[in-house]
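K.L.:
One structure coming up, written as structure tokens, with questions to follow.
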Amino acid sequence: MGTYSRVNVDDMEDSALSPADLTTHKKLRADAFRTREHLLDVLGAMLEVRGLEISLPDLAKEAGVATATVYRHFDDVHELREEFYRRTVTHLVAEFEETLVTSRGRTAFDRVCAAWVKTSIGWARAATFIRSAEGYLERVRRGDDLLVRLHQLLTTVIGQLVDDGDLPRQDVEYATLTWVTLFDERVLVDLESGLGWGWKKISRHLSATTLAALGAR
């Protein structure tokens, strides 16, 4: 990885710091978080244009920071891509969790579909370059923590649709896989760029297609 050493300010114990040092520590954490988010934002823009042909020095130049700064946050390009993926899924999971707190069944399904498209449309093309070779259910079975959380949320909604009579009894795992497949990033890219649809139209059509594919009554 080179000779740069990574510094994680979160490893410092807040309780061991003086008030002045604690203020400095919190500022460092906030600055480090903003820098990391900026680097991931820039990575997304670069992926859309250059695909996977990106090095950490390339990212540093594009982001307007020193190469050492990038290495303080990421060991290599693989970790950089993994963090971009995890950030995108984390945003989705947070949106879906909030939705399921205030709604259920068909209302929850419609809101999840809308949040899915609206949240994903900005990074869908970039995400196509960092897709895993593993299948969705394979990663869930492997225990990918974020995908497990996502899967639990989606299967909960499918289960509610079945319980409410909106869908017939069926294999919930298969139904969830169908839902995920129809909302694939490449589909979003095609509908937005290929057909010129906005996120609301995409959401309406994909949600209707998903329900039809699952035998909605």
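The values are calculated or read from the model by the stated rules, or taken from the named source; none is laboratory data. These numbers were taken from a predicted model, which means no experiment stands behind them. We place every Cβ from the backbone using ideal geometry, glycine too, and count neighbours over all the protein chains shown.
K.L.:
Out of everything in region 160-173 that is under 26 Å from the mean Cα position of the chain (by Cα) and under 15 Å from residue 211 (Cβ atoms), what residue ends up being surrounded by the fewest Cβ atoms within 10 Å (Cβ to Cβ)? Before the answer, list the steps.
P.N.:
Residues of region 160-173 under 26 Å from the mean Cα position of the chain (by Cα): 160-161, 171-173.
Add one more test, that the residue is under 15 Å from residue 211 (Cβ atoms), and what stays is 160-161, 172.
On the way: 160: 19, 161: 23, 172: 17.
Checking each candidate, the answer is 172.
K.L.:
Would you be able to tell me the number of residues in region 166-185 that are within 24 Å of residue 85 (Cα to Cα) and free of Cβ contacts under 8 Å to residues at least 60 places away in the same chain? If you could, list the steps in order and put the result at the bottom.
P.N.:
To start, the set of residues in region 166-185 that are within 24 Å of residue 85 (Cα to Cα) comprises 173-185.
Pick out the ones that are also free of Cβ contacts under 8 Å to residues at least 60 places away in the same chain and you get 173-182, 184.
Looking only at that region, the number is 11.
K.L.:
Continuing with the same structure: In region 40-73, how many residues are among the hydrophobic types (A, V, I, L, M, F, W, C), surrounded by fewer than 18 Cβ atoms within 10 Å (Cβ to Cβ) and either in the same structural domain as residue 123 (by TED's automatic domain parsing) or farther than 20 Å from residue 124 by Cβ (or both)?
P.N.:
3
K.L.:
Could you check region 78-107 and list, in sequence order, the residues that are within 11 Å of the chain's Cα centre (by Cα) and either charged (D, E, K, R) or not assigned by TED's automatic domain parsing to the domain that holds residue 120 (or both)?
P.N.:
Just the residues of region 78-107 that are within 11 Å of the chain's Cα centre (by Cα), to begin with: 82-95.
Passing the criteria: 82, 83, 86, 87, 95.
K.L.:
Shifting gears a bit: So in region 183-215, with the set limited to residues that are not in a helix (DSSP H, G or I) and not small (Gly, Ala, Ser), which one is surrounded by the fewest Cβ atoms within 10 Å (Cβ to Cβ)? Don't jump to the end; show me each part of the working.
P.N.:
First, the residues of region 183-215 that are not in a helix (DSSP H, G or I): 183-184, 195-198, 214-215.
Of the ones still in play, those that are also not small (Gly, Ala, Ser) are 183-184, 195, 197, 214.
Values: 183: 23, 184: 17, 195: 10, 197: 19, 214: 20.
My answer is 195.
K.L.:
Can you name the residue in region 81-100 that is of a type in the set (A, V, I, L, M, F, W, C) and surrounded by 14 or more Cβ atoms within 10 Å (Cβ to Cβ) and, of all such residues, is farthest from residue 133 (Cα to Cα)? Steps first, answer last, please.
P.N.:
Step one: filter region 81-100 for residues of a type in the set (A, V, I, L, M, F, W, C), giving 84, 89, 92-94, 96, 100.
Okay, now just the ones that are also surrounded by 14 or more Cβ atoms within 10 Å (Cβ to Cβ), so 84, 89, 92-93, 96, 100.
Numbers: 84: 16, 89: 17, 92: 21, 93: 21, 96: 25, 100: 30 Å.
Only one residue tops the list, namely 100.
K.L.:
Look at region 120-165 and say how many of its residues are touching a residue at least 60 places away in the same chain (Cβ under 8 Å) and among the hydroxyl-bearing types (Ser, Thr, Tyr).
P.N.:
Adding up the residues that qualify gives 2.
K.L.:
Another question, if that's okay. When the residues of region 100-116 are narrowed to those that are of a type in the set (D, E, K, R) and in a helix (DSSP H, G or I), which ends up nearest to residue 157 (Cα to Cα)? Lay out the reasoning, then the answer.
P.N.:
So in region 100-116, the residues of a type in the set (D, E, K, R) come out as 104, 106, 110-111.
Imposing the further condition that a residue be in a helix (DSSP H, G or I) reduces the set to 106, 110-111.
Numbers: 106: 8, 110: 10, 111: 11 Å.
This residue is 106.
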